[in-house]
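Structure, as structure tokens:
The values are calculated or read from the model by the stated rules, or taken from the named source; none is laboratory data. Here the structure is a predicted model, which is why all the values come from computation and not from measurement. A quick note on method: Cβ atoms are made from the backbone with ideal geometry, for glycine too, and the neighbour counts reach across all protein chains shown.
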Amino acid sequence: MSLNPRPQYSFEDWLAVERESTEAKSDYINGEVFAMTGASVAHNLIVANVIRELGIQMKGRPCRVFASDLKLRIELGNEGRYPDLMALCGEIEFYDNRRDIICNPTLIVEVLSPSTEAHVRGKKSDAYRSVPSLKDLLLISQHEVRAQLYSRIPDGRWLLADFRSFGDSIPLESVGCTLALADAYDKVELDLA
């Protein structure tokens, strides 16, 4: 009995297909390609709210916030991903001259859905934390009031802070911003029963 091996692709092959695609997006993980699904209204509202709040605070400073259509190159795991949100202050390091893949975010934000939460908390977060420039990784739930901030400390370890109240403010030191949890959930309908 033979096993059907999964097709293996190079990063460059995946990148060429992604750059030509006008509809679907996929993540690239060390030779394998995984289709991405659409997001819910709550997911999209949270991402838009966070982009708005950070963008306002970054105005007039050399900082930028990017939505999920910009790709991230993760060298250590040979990966290409689309985080929900990336941000950084200072110079952007691009993968190549096309300027559609960055390599040096200092902040990544992912919104967790019930179907993706385990994957995002596991392998995806591990991959993100392998990016040398990353200082803050923020995970925000779309089904309950909860955000978790992983912050890299100077010795390379990661500290976790948990936020569960609309009154909480999240310090995003990597980009010199503070995110009020109530602002992240503005107009988001949560089932709090």
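Per-structure values
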{"item": "Near pairs, Cβ below 6 angstrom, 6+ apart or cross-chain, from region 22-40 (among the charged types (D, E, K, R) and in a strand (DSSP E or B)) to any residue that is surrounded by fewer than 13 Cβ atoms within 10 Å (Cβ to Cβ) and modelled with pLDDT under 70", "result": "ASP27/PHE34; GLU32/ARG6"}
{"item": "Residue in region 103-114 that is out of contact with any helix residue (DSSP H, G or I) (no Cβ under 9 Å at 6 or more places or on another chain), at pLDDT 95 or above, part of a loop (DSSP other than H, G, I, E, B) and polar (S, T, N, Q) present", "result": "yes"}
{"item": "Those residues of region 41-82 which are free of Cβ contacts under 8 Å to residues at least 12 places away in the same chain and among the small types (Gly, Ala, Ser), in sequence order", "result": "ALA48, GLY55, GLY60"}
{"item": "Region 136-167, subset of a type in the set (D, E, K, R) and within 18 Å of ILE51 (Cα to Cα), residue surrounded by the fewest Cβ atoms within 10 Å (Cβ to Cβ)", "result": "ARG146"}
{"item": "Any hit, region 166-187, residues being more than 27 Å from LYS59 (Cβ to Cβ), of a type outside the set (Gly, Ala, Ser) and not in a strand (DSSP E or B)", "result": "no"}
{"item": "Output for region 130-150, where each listed residue is within 28 Å of LYS187 (Cβ to Cβ) and either at pLDDT 95 or above or in a strand (DSSP E or B) (or both)", "result": "ASP136, LEU137, LEU138, LEU139, ILE140, SER141, VAL145, ARG146, ALA147, GLN148, LEU149, TYR150"}
{"item": "Number of the condition not met by THR106 [criteria: (1) within 13 Å of the chain's Cα centre (by Cα); (2) closer than 27 Å to LEU190 by Cβ]", "result": "(2)"}
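Every residue, every condition in (1) modelled with pLDDT of 75 or more; (2) of a type outside the set (Gly, Ala, Ser), yes or no:
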site: PHE34; (1), (2): no, yes
site: ILE46; (1), (2): yes, yes
site: PHE66; (1), (2): yes, yes
site: GLY77; (1), (2): yes, no
